[in-house]
Structure formats: C-alpha cells, structure tokens
Amino acid sequence: MRRKAVFLDRDGVLNRALVRDGKPYPPRSLDELVIPPETAPALFRLKEAGFLLIVLTNQPDVARGAITRASVDALHDYMGQRLPVDEFRVCDHDDPDGCSCRKPKPGLILDAADDWNISLGESFMIGDRWRDVDAGAAAGCRTVLIDYEYRERGPSAPPSAIAKNLEQAVQWILEQDREEQEPESKAVLESADFGGY
C-alpha cells in the first residue's frame, strides 16, 4: 500500500530562518537554532493523521565552505530528538553543481517517494520559498507556501494554499485529508432527503 507524506522545508518552516534585508538564511550552529514551541504539536497532528514527515533542505553553504556537512547533520540530530520527523534529506550542492536534488528540482522528493513507497498525489509540500513550491509542484504534490513576504521572486505557479505559519498550513492539509477520507459519507449527506426537517 502506498503511503502519504508531508514534505517540509527546514528553515522558516520547522525552525526560524535568520532574516537579513528581507532574505532568509539558515542557522549555522545550535546557538542560532530556534524551534518555535508550536512546531512539535503541529507535526504530531500530521503524524496522528498517518502522514510520513520528511524534511527536504537545500544547504548550499556546505558547497560554499561556510559550514560543514557534519555541522548540518548535528543540527538535524538535535531537531530529530525534539520533532517527530521520519527523515532529513539534504542537498548540499550549489546551483553551479547542476544536481537533480537542489530545489526547485524535485529530486529529493522523487528519491524519498521511491524509498518510502509514497503516493505523491496524496502528499503535500510545505515551504516558505518559491524553490519549495516549485519542487513540490514538479513532483506532483499539493503545495503550501508559508508566506513571510521575503524579498525574492514567487513560485512559478500558484501554490495550492498560502498560510501565515506552520499551524495554518497543517490545518489546511488536515482539512484536505479529512475530505478525501470521507467522500462517500459526504456524498450521502449531500444527497439525503430529510423530508422537510
């Protein structure tokens, strides 16, 4: 049986991005890492609904020499002990590398779908940047943009939904999932004749 997943960008979704001049940057150490208190409860709601939670993050600072891959992995170990995440997947390349895993390319999503037997049509991508939305759309997922109004371009195509924060994004996903789980009962209610009551 195919599984359903919520793919999540990391910085700006699970933890606070460091915003400078209207542009987001990742934390480079545990000292800079801030996980808002509402993050874990929101993720647990998705887990309770049966979703795999897979984090997909571009970390080009590794390729640029600004941070080591070991430091990135240490951040993920710390986050994984506090959040119900099934897997962290990292692209540590930069644009000139021409890899297939750097968002907006969908390689990270497609590889995870193969490894976890995921139905992409039943899955979602949550991100705070155009690269996340474009990657999710290219993979065939529904997409949610957490819109912090960064000073950068928007997605190539409109996201399926726009949210102000992770909690709002999760609420929308759960509503979509609930509607899909109850199509027959919904159809029965809509067609029922209540005899004038």
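The values are calculated or read from the model by the stated rules, or taken from the named source; none is laboratory data. Source: prediction; values computed, not measured. Backbone-built Cβ (ideal geometry, glycine too); neighbour counts: all protein chains shown.
Looking at the range 157-177, which of its residues are of a type in the set (D, E, K, R) and free of Cβ contacts under 8 Å to residues at least 24 places away in the same chain?
Across the range 157-177, the qualifying residues are Lys164, Glu175.
Could you please give the count of residues in the range 79-97 that are within 18 Å of Asp61 (Cβ to Cβ) and not basic (Lys, Arg)?
Count: 10.
Looking at Leu145, Leu75, can you tell me which residue is surrounded by 18 or more Cβ atoms within 10 Å (Cβ to Cβ) and within 23 Å of Ala49 (Cβ to Cβ)?
Only one candidate passes the filter, namely Leu145.
Any idea which residue in the range 155-178 is surrounded by the fewest Cβ atoms within 10 Å (Cβ to Cβ), counting only those that are touching a Leu at 6+ places or on another chain (Cβ under 8 Å) and not aliphatic (A, V, I, L, M)?
Step by step, filter the range 155-178, then rank; the result is Pro155.
Test of understanding: among Arg69, Arg64, Arg102, Arg89, which residue is within 17 Å of the chain's Cα centre (by Cα) and either exposed (fewer than 12 other Cβ atoms within 10 Å of the Cβ) or farther than 14 Å from Phe7 by Cα (or both)?
So the residue among Arg69, Arg64, Arg102, Arg89 that is within 17 Å of the chain's Cα centre (by Cα) and either exposed (fewer than 12 other Cβ atoms within 10 Å of the Cβ) or farther than 14 Å from Phe7 by Cα (or both) is Arg102.
Any residue at all in the range 69-91 that is in contact with a Lys or Arg (Cβ under 7 Å, 6 or more places away or on another chain) and closer than 24 Å to Tyr150 by Cα?
The answer is yes, given that some residue of the range 69-91 is in contact with a Lys or Arg (Cβ under 7 Å, 6 or more places away or on another chain) and closer than 24 Å to Tyr150 by Cα.
Is there a residue being under 21 Å from Asn58 (Cβ atoms), surrounded by fewer than 16 Cβ atoms within 10 Å (Cβ to Cβ) and of a type in the set (Asp, Glu) anywhere in the range 121-132?
Checked against the condition, which is being under 21 Å from Asn58 (Cβ atoms), surrounded by fewer than 16 Cβ atoms within 10 Å (Cβ to Cβ) and of a type in the set (Asp, Glu), the range 121-132 yields no hits at all.
Output the residue which, of all residues in the range 6-49 that are of a type in the set (D, E, K, R) and surrounded by fewer than 14 Cβ atoms within 10 Å (Cβ to Cβ), is farthest from Val62 (Cα to Cα).
Out of the qualifying residues, it is Glu48.
Hey, can you tell me all the residues within the range 109-123 that are polar (S, T, N, Q) and either part of a helix (DSSP H, G or I) or within 15 Å of the chain's Cα centre (by Cα) (or both)?
Ser123
Can you name every residue in the range 98-121 that is charged (D, E, K, R), out of contact with any Pro (no Cβ under 9 Å at 6 or more places or on another chain) and under 27 Å from Tyr148 (Cβ atoms)?
If the condition is that a residue be charged (D, E, K, R), out of contact with any Pro (no Cβ under 9 Å at 6 or more places or on another chain) and under 27 Å from Tyr148 (Cβ atoms), then Lys103, Lys105 are the ones that fit.
Based on this model, can you work out whether Tyr78 counts as farther than 24 Å from Lys164 by Cα and aromatic (Phe, Trp, Tyr)?
The answer is yes for Tyr78.
Sort out which residues of the range 36-73 are modelled with pLDDT of 95 or more and aliphatic (A, V, I, L, M), and write them in order of number.
Within the range 36-73, Ala40, Ala42, Leu43, Leu46, Ala49, Leu52, Leu53, Ile54, Val55, Leu56 meet the criteria.
Which of the residues belonging to the range 38-53 are hydrophobic (A, V, I, L, M, F, W, C) and under 15 Å from the mean Cα position of the chain (by Cα)?
Ala40, Ala42, Leu43, Phe44, Leu46, Phe51, Leu52, Leu53
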